[in-house]
Each structure stands twice: as C-alpha cells, then as structure tokens.
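Below you'll find the structure, written out as structure tokens, and then a few comments.
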C-alpha cells in the first residue's frame, strides 16, 4: 500500500488515467463504427450484389443489437470474471476475424451469424467495458473521463463511413472488409500494450484519498432498490424515452446513407451526412453534460428530447433544402440525450443499484434500436420510400417528449 501511495504523484499516476480514457474512446470508435454505424457505408454494395430486400438485409443489425441487449444484464458479471483487458483483447481480435469473414459471405444466413458475433464483440469491447475501465482509473474527474470515452461511440460513424467508402471505391467491397479489419488489429495491439488496471500499474486511481466535490451522488439509504425502481413511473418513462430514441436514431443511422442516395445525393455526400450526424453527437455529449451541471438536469433532459423531435420533423418533410438542418438538429439533440439518459438514471434512482437499473434499460433500448433498423427496412420494402418510417420516428419521439416529463427523483420510503 505504501508503494502505491509513494507512486501516487508519479507521471504514471497523473497521465496514465487519461491514456485509459483515450484508449476507451478508441475502443468505442472502432467497435461501434465497425459493427453498427460506419458499416452502413457497405449497404449499397451488398444490396446491389445480392439483390436482398432491405428488410431481410437490415435484420442483421437487429441480430447484432438483440444479441448485445440480451447479454447486457450479464455484462457486469462477465467483466468481473475476466477483467476489462482480457475482454478488450478477445473483442478486438474477434471483430477482426468477423470482418475478414464478412468479405467472403454468400448468403443471408452467414451474414446473420456474423452479426450475432458483432453482438458478442459489443459485450466484450463495448460501452460497459469502456465505462468500467475508465471508472477504475478515476475518482476525481470521472465524469469528464467517461465523457471522453463516450465520444468514441459517435466518432465511429463519423470516421469509419468515409474510410470504408474510400476502400470500396479502391478495392471493392469484399477486399474493403479485409482492409478495415486491420483497424481492429490495431486496437488489439493498443489494448495489449496499454490496457492495465491501477492495481496492475501499482498506483491509486486519480483523486484517491482527496476531499473534493464530485458530480456523482454518493450512495444513500434513500436510493431505490432495483425491485422498487422498476415499479416506478419514472423508471418506465425513462426506459420508454431510451427505447424510442434508440429506435429512431439507430434506424436513421442505419438507413441514412441509402436514404441520401435515394434523394439523388452522391455517395460522398451521403457519407458526409453520416459524419455530420455522429460528429454533432460527439460534440453535444460534452456540451449537454456540462449544461446539466449549470442548469436543472431534468430541464436539459426534456429539452434534448424536444430538439431531437424537431430535427426528425424537418427530415420527415422530405424537403432537400431542409434535410441538412434536420440532420444537424437531430444529431445535436441525440448526443445530449444519450448522456442525459445515463445521468437521469443516477440522479433519479441513486448510485446503489445503478448497474442493474441501467443494465435493464440498456437491454431494452438495444433491442428497440435493432428493431428500428430492421422495421425501417421492412417499411421501405412495403412502401418504396422512407416516409412512413420517418412518421414513426416523429410519433415515437412525440410520445417520448410526454414521457420525459414524468421522469423525476424517486426516494425510498
């Protein structure tokens, strides 16, 4: 213990925690970008090659998120058993293998099996692992560090969509999968060299032993138990907001490239729309997290739902002169809402059972997100356009806006 304290002022103690936050950002950028967001740049090529319906093809995304969602409640136990470093190594090498195999598929069955593997990747090297890994290294500045990590989930779409498109144009879609798999190999190397816990580095977490005002609420006897939390209106209202917003944003992200192409934008512009959507999401995750410390967090939460509804409403007009405004506003609102959903769970139910509460919300919103991508494809097959899908997005977010007003602090009695 004395050795740890002695090293607490070392360069390792000061800088290594931030290196772990950056590593978590890169992990989420790679795993999210290659499995759920940037991968949509392959859509046009695969649909042209195999002549699949969009509903059948987009069912693969549903398989990914269904697998990840069903495993989410067990993620904590898996992390406890294997540790974040081992899971990162397993997830990154598995993603590289799956991507290489993706470039050799010949049937929908093979595609669905690979997407099931993507779900396992998201459990091994996704959100929960990133949050746990970063939280181990921070007591002071934990919120900032987790915010840095979460930016990676938005950067995945912004970075990988244009990269994938360039590879497709250069070498074709099959070889493009092989080349893009190298990014996951790079993540494996970084994790192998850098990923360590404070105990392994023999230093204390940043801020350990310090007296400071933290943003997180300490455990309290007034915190709700999991059993009581899931019996409150606030829990189900927050869960509905999460499900409606994940359904809408993941469906939008999954089909935005194809939607823009259908509106006669070229491939480079369509990819630029994806980059804009996720780039703004990355910025607003920071911005609205900060604003929630300055203004009433509940007001910020409700405002984000309203902003996202306005953006989707503009896109639902199918007016080419409004679509960029719609993408801008939707991405801006979604990024903040993603952060605020996590904060509302902590603020309204307390820290004591946040893991189980957020695990349940994550399971349900992941399944809803998977359904969004799939059912939007089914609606396109039926109606020949995305109009009905956008109307569904708007209705869901209007209901989410009503539900958001019912989310409030619950106190155990």
Legend entry - Filtered residues of segment 103-134 (kept if more than 13 Å from residue 78 (Cα to Cα) and not in a helix (DSSP H, G or I)): 103, 104, 105, 106, 107
Inset, instruction - Find the residue count for segment 308-319, including only residues that are under 20 Å from the mean Cα position of the chain (by Cα) and surrounded by fewer than 19 Cβ atoms within 10 Å (Cβ to Cβ). - result: 0
Inset, instruction - Return the residue satisfying two criteria in turn: it lies in segment 61-93 and is crowded, with 22+ Cβ neighbours inside 10 Å and more than 17 Å from the chain's Cα centre (by Cα), and of such residues it is farthest from residue 37 (Cα to Cα). - result: 84
Inset, instruction - Kindly indicate which of 368, 345 is modelled with pLDDT of 90 or more and buried (at least 20 other Cβ atoms within 10 Å of the Cβ). - result: 368
Legend entry - Given (1) in contact with a helix residue (DSSP H, G or I) (Cβ under 6 Å, 6 or more places away or on another chain); (2) more than 30 Å from residue 51 (Cα to Cα); (3) surrounded by fewer than 18 Cβ atoms within 10 Å (Cβ to Cβ), number of the condition residue 116 does not satisfy: (2)
Legend entry - Scope segment 32-53; condition surrounded by fewer than 22 Cβ atoms within 10 Å (Cβ to Cβ) and either more than 21 Å from residue 104 (Cβ to Cβ) or in contact with a strand residue (DSSP E or B) (Cβ under 9 Å, 6 or more places away or on another chain) (or both); matching residues: 53
Inset, instruction - Determine which member of the set 268, 213, 285, 228 is closer than 26 Å to residue 92 by Cβ and modelled with pLDDT under 90. - result: 285
Inset, instruction - List the number of the failed condition for residue 307; all other conditions in (1) within 23 Å of residue 59 (Cα to Cα); (2) part of a helix (DSSP H, G or I) hold. - result: (1)
Legend entry - Hits in segment 403-413 - residues which are at pLDDT 90 or above and either surrounded by 14 or more Cβ atoms within 10 Å (Cβ to Cβ) or within 17 Å of residue 365 (Cα to Cα) (or both): 403, 404, 406
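The values are calculated or read from the model by the stated rules, or taken from the named source; none is laboratory data. Note that the structure is a prediction, hence the values are computed from the model and not measured. Cβ atoms come from the backbone with ideal geometry, glycine included; neighbour counts cover every protein chain shown.
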